[in-house]
């Protein structure tokens with residue numbers, strides 16, 4: 001049976017609420033299902049104490065969730081849009097991410113902040129951003145960005161059980177994606193990338209919804225005899241350089257794709273690490289595909305024009321393979 | 001416009017035949033005087049021959065894999081400089097003189113400078129692993145970048161393979177031919193005698209271990225060969241009569257012994273189907289650490305056939321050390337025009353009489369072969385005694 005991303009997230013949360021009494025859901029309207037209906041029905045099933053609506057103040061509720069985690073609960077906080085995480089930043093960066101370090105390991109913050117990001121359906125400049133790069137810059141935060149419903153199921157459960165502050169970034173374009181989910185699906189380890197498609201000529205590194213674009217690009221490239229390997233990073237912090245190294249050592253060409261703008265992005269970080277750690281393996285400069293350095297437009301036509309996708313990856317990969325880069 | 005003949009210049013002492021490996025220019029290409037024009041395989045290495053004139057490459061007379069002899073004309077260059085052309089075209093073929101201290105004529109085999117060779121990191125890595133010169137590979141990438149596939153093709157192309165094993169039915173490889181010629185020349189023209197003496201490595205072994213802890217970070221490990229180089233250099237400086245080469249026919253008024261200005265010592269290196277004698281120049285100037293570095297560099301490039309001509313030339317003396325698997329003692333033939341060659345037997349524990357008692361010491365037999373035209377038995381014996389004295393002593397220069 002196929003399930004949407006939203007249904008699978010709900011199932012993961014449901015199972016974790018049932019498994020561990022310290023798991024609590026917090027967020028704006030979560031008792032009513034949240035803005036996207038992910039938590040629908042969970043308040044009725046697990047009680048209003050475990051699935052709590054909060055005031056509309058991201059700064060306050062991030063502090064609340066951090067405090068709850070410090071006191072022994074395992075809160076799963078929903079920040080409705082990553083665009084609003086700017087309001088959570090002071091707590092996340094200066095408190096949540098720092099407690100373990102500043103207490104010499106005496107305190108832990110087992111907090112998962114679920115949020116959704118990316119552009120889809122004309123949500124405009126304030127509700128469409130991909131801001132993950134801001135969070136990978138903060139030591140102490142784990143950053144997870146699943147690429148499909150089945151991936152999200154395992155990664156969300158693993159994040160809840162990790163015992164560390166995790167920013168869990170869901171892409172709104174994936175919410176309606178359907179996928180089979182095995183009853184005995186295993187939990188992936190946090191920090192381990194996966195080879196989503198094996199290939200030998202070029203490595204396409206992606207995460208979140210861009211993995212789907214990379215897979216589509218790889219299928220397209222295969223038609224013209226280019227064998228692309230697609231890596232799904234799954235977690236941006238920690239970054240699985242071992243899997244990247246294994247792939248780059250095989251293909252010697254790398255393209256990194258993400259929806260976020262290229263400037264100061266995750267791709268820049270990965271490219272730098274490849275340049276340092278895998279210099280001798282490279283046969284061509286590392287290429288990046290990402291959004292132009294511009295806000296996401298409201299008009300659907302403009303949004304489509306701006307967003308990077310499979311076509312952009314194919315074009316860049318072809319350019320690299322034909323010696324144009 | 002005038003035609004200038006491009007000839008094969010003389011590269012080594014006994015080099016006569018070369019094989020064209022690769023033309024670096026095509027007919028019609030513009031060439032500049034001094035620019036690498038063609039790669040040829042000599043007995044010792046692959047060297048680049050520079051264009052002798054500027055102009056346009058008009059005609060290639062010797063194709064890839066064909067052999068040519070020193071002085072042979074291998075191409076025509078159409079030069080705009082009529083003056084140069086007319087004189088060059090009638091210039092006599094270069095003479096092969098057995099001049100002892102002959103330094104290389106200014107035929108460049110230096111790696112090309114100026115325009116940087118663009119290559120990808122992984123292509124360079126693969127090229128290094130296979131001893132392929134990235135500069136000799138045509139790049140298919142943007143702006144001529146040499147990429148992985150280009151190096152793979154170069155490795156697969158038969159002409160790029162180093163020292164292909166020649167089937168028995170075929171002629172000699174250039175290296176074998178040169179070796180045969182050199183050794184024949186040595187045996188036929190040099191009256192050689194030998195003196196022998198054993199050397200006790202006890203002190204040197206202890207010092208080698210001690211020095212190893214003092215080496216700068218990243219230095220190659222000290223080998224007995226580094227000590228041999230330093231000791232031979234010191235002895236050569238002390239015995240200038242042996243630090244020389246014999247030149248000319250003894251009957252000729254031109255015959256002379258030419259002393260060298262520094263200690264230039266060859267190290268015999270066994271390679272596939274032959275041997276090379278990379279030369280470390282001015283050995284007396286360097287400490288053991290630097291000698292080790294230079295030795296490792298020479299050996300590594302020697303094994304890849306990438307020694308420059310001047311790096312196999314100019315020595316007066318060579319050392320042949322067949323190492324731990326070698327014989328107890330052996331006699332080596334002089335590598336013309338050297339004055340002598342030292343053959344180092346394997347090190348083994350021997351019972352020796354010391355201070356009225358019996359001791360077990362690590363010894364090697366040293367056999368010095370000397371050109372009798374240059375030196376006599378007494379000088380050879382004194383030299384060898386001094387050499388052993390240095391090797392058994394503790395006066396070493398590390399850096």
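Miscellaneous remarks
- Residue A:164 surrounded by fewer than 20 Cβ atoms within 10 Å (Cβ to Cβ), modelled with pLDDT of 95 or more and under 27 Å from residue A:264 (Cβ atoms): yes
- Subset tally (residues that are at pLDDT 85 or above and either within 14 Å of chain A (Cβ to nearest Cβ) or surrounded by fewer than 15 Cβ atoms within 10 Å (Cβ to Cβ) (or both)) for region B:169-182: 1
- Selection status of residue B:370, surrounded by 20 or more Cβ atoms within 10 Å (Cβ to Cβ), at pLDDT 95 or above and either in the same structural domain as residue B:210 (by TED's automatic domain parsing) or under 30 Å from residue B:18 (Cα atoms) (or both): yes
- Sole residue being in contact (Cβ under 8 Å) with a residue 24 or more places away in the chain, surrounded by fewer than 24 Cβ atoms within 10 Å (Cβ to Cβ) and not in a loop (DSSP other than H, G, I, E, B), chosen from A:154, A:122, A:191, A:140: A:154
- Within region A:1-100, helices (runs of 4 or more DSSP H) holding 3 or more residues that are closer than 17 Å to residue A:160 by Cα: A:5-19, A:58-70
- Residue selected from region A:292-325 under the condition in contact (Cβ under 8 Å) with a residue 40 or more places away in the chain and within 12 Å of another protein chain (Cβ to nearest Cβ), by the criterion surrounded by the most Cβ atoms within 10 Å (Cβ to Cβ): A:320
- Segments classed as helices (runs of 4 or more DSSP H), wholly inside region A:195-291, with at least 2 members that are more than 22 Å from the chain's Cα centre (by Cα) and away from chain B (no Cβ under 14 Å): A:210-223
- For region A:275-297, the set of residues classified as under 30 Å from residue B:150 (Cβ atoms) and touching a strand residue (DSSP E or B) at 6+ places or on another chain (Cβ under 6 Å) consists of A:286, A:287, A:288, A:289, listed by residue number.
- Selection within region B:141-168 - modelled with pLDDT of 85 or more and either in a loop (DSSP other than H, G, I, E, B) or within 14 Å of another protein chain (Cβ to nearest Cβ) (or both): B:145, B:146, B:147, B:148, B:149, B:150, B:151, B:152, B:153
The values are calculated or read from the model by the stated rules, or taken from the named source; none is laboratory data. In this text, all values refer to a predicted model and were calculated from it rather than measured experimentally. Note that each Cβ is placed from the backbone with ideal geometry, even for glycine, and that neighbours are counted across all protein chains shown.
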